[in-house]
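Peer 1: Structure incoming, see below.
Coordinate-derived values only; no laboratory data. Values in this document were obtained by computation on a predicted structure and should not be read as measured data. FYI the Cβ positions are ideal-geometry reconstructions off the backbone, even for glycines, and counts take in every protein chain you see.
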Amino acid sequence: MSLVLLATVPIIILVRRRRHRARRRQRITAQLLPDSVDIIVAALRAGSTSIDSLNLAARHSPEGIRSAFVACVRAYDDGARFHEALDEIPRHVGPHSWPVVDLLKDHSRLGIPAIDTAEQLAVEARASRRRAVETSARELPVRLALPLVVCSLPSFVLIVIAPVIIGAFNRISLG
């Protein structure tokens, strides 16, 4: 029984760490995606093609999300069709990048103007990032409550209550 327990505990810890890292990576890439969408929108607005806009995103996107665009451009350069190369982005970034990928696919296949829709996607992504930051700001007092109590309560006891108790014992012993 104890051998089974000793074998399963490290496995459970390892699985939980991987899940935590994956969630953290997705949270970070979700926060960085609006910046990359802005780069793509600026390139499209300047008259660049879809692949040129992805090249710019691969060079100028924030570090945490750049690898997705580099993989997409590399797949396209290696001979993959554009819509197949775009599938590299969600593999690296996660499911929250599908609207951008779908927009670029439709722009490439159907010739649908992408600028207005991409601007709307950028606005929605920034709003989502703002909501996530506001949520984490609301969680901060709850997360800091325990450390604050653990750190400040002992000092309060030593500074305020201990002298009163010591004084009371001195009066009892003298009286």
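Peer 1: If packing is taken as the average number of other Cβ atoms within 10 Å across a peptide's residues, how do 44-51, 7-14, 95-102 rank, most packed first?
Peer 2: Per-residue Cβ counts within 10 Å, averaged per peptide and sorted highest first, yield 95-102, 44-51, 7-14.
Peer 1: Sort PHE69, PHE82 so the one with the fewest other Cβ atoms within 10 Å of its own Cβ comes first.
Peer 2: PHE82, PHE69
Peer 1: Right, another one. Per residue of segment 156-162, in order, report the coupling 6.51 cos²θ - 1.76 cosθ + 1.60 (Karplus, θ = phi - 60°) as ³J(HN,Hα) in whole Hz, putting x for Gly and Pro.
Peer 2: Karplus-based 3J(HN,Hα) across segment 156-162 equals 4, 4, 5, 8, 9, 7, 4 Hz.
Peer 1: Something else about it: Tally Lys and Arg at +1 and Asp and Glu at -1 over the other residues with C-beta under 12 Å from the C-beta of HIS92: what net charge comes out?
Peer 2: Value of the local net charge: +2.
Peer 1: Among ALA118, ALA127, ALA145, which one shows the highest mean-square fluctuation when the chain is modelled as a Gaussian network with alpha-carbon springs under 10 Å?
Peer 2: Ranking ALA118, ALA127, ALA145 by mean-square fluctuation puts ALA145 first.
Peer 1: How big is the shadow of the Cα convex hull of segment 18-66, averaged over all directions, in nm²?
Peer 2: If you wrap the Cα atoms of segment 18-66 in a convex hull and average its projections, you get 3.4 nm².
Peer 1: How do LEU86, LEU110 rank when sorted from fewest to most other Cβ atoms within 10 Å of their own Cβ?
Peer 2: So the residues, fewest neighbours to most, are LEU110, LEU86.
Peer 1: At q = 0.21 Å⁻¹, what base-10 log of I(q)/I(0) does the Debye formula yield for segment 1-114 when every alpha carbon is treated as an equal point scatterer in vacuo?
Peer 2: Taking Cα atoms of segment 1-114 as identical point scatterers yields -1.09.
Peer 1: Is it possible to state the helix-based mean residue ellipticity at 222 nm for the chain, with each DSSP H run of 4+ residues giving -39500 (n - 2.57), the sum divided by total residues, to the nearest 500 deg cm²/dmol? What is it?
Peer 2: -29000 deg cm²/dmol
Peer 1: Less than 11 Å Cβ to Cβ from SER61, Lys/Arg counted +1 and Asp/Glu -1: what total charge do the surrounding residues give?
Peer 2: Neighbourhood net charge equals -1.
Peer 1: Please arrange GLU124, GLU88 by how many other C-beta atoms lie within 10 Å of their C-beta, fewest to most.
Peer 2: GLU124, GLU88
Peer 1: How large is ³J(HN,Hα) for each residue in segment 29-36, as worked out from phi by the Karplus curve 6.51 cos²θ - 1.76 cosθ + 1.60 (θ = phi - 60°), to whole Hz, x for Gly and Pro?
Peer 2: 3J(HN,Hα) across segment 29-36, in whole Hz: 5, 5, 6, 8, 4, x, 5, 5.
Peer 1: Which one of PRO154, ILE172, PRO95 has its Cα pushed farthest toward the positive end of the charge dipole of the chain, where Lys and Arg give +1 and Asp and Glu give -1 at the Cβ?
Peer 2: About the Cα centre, the residue reaching furthest to the positive side is ILE172.
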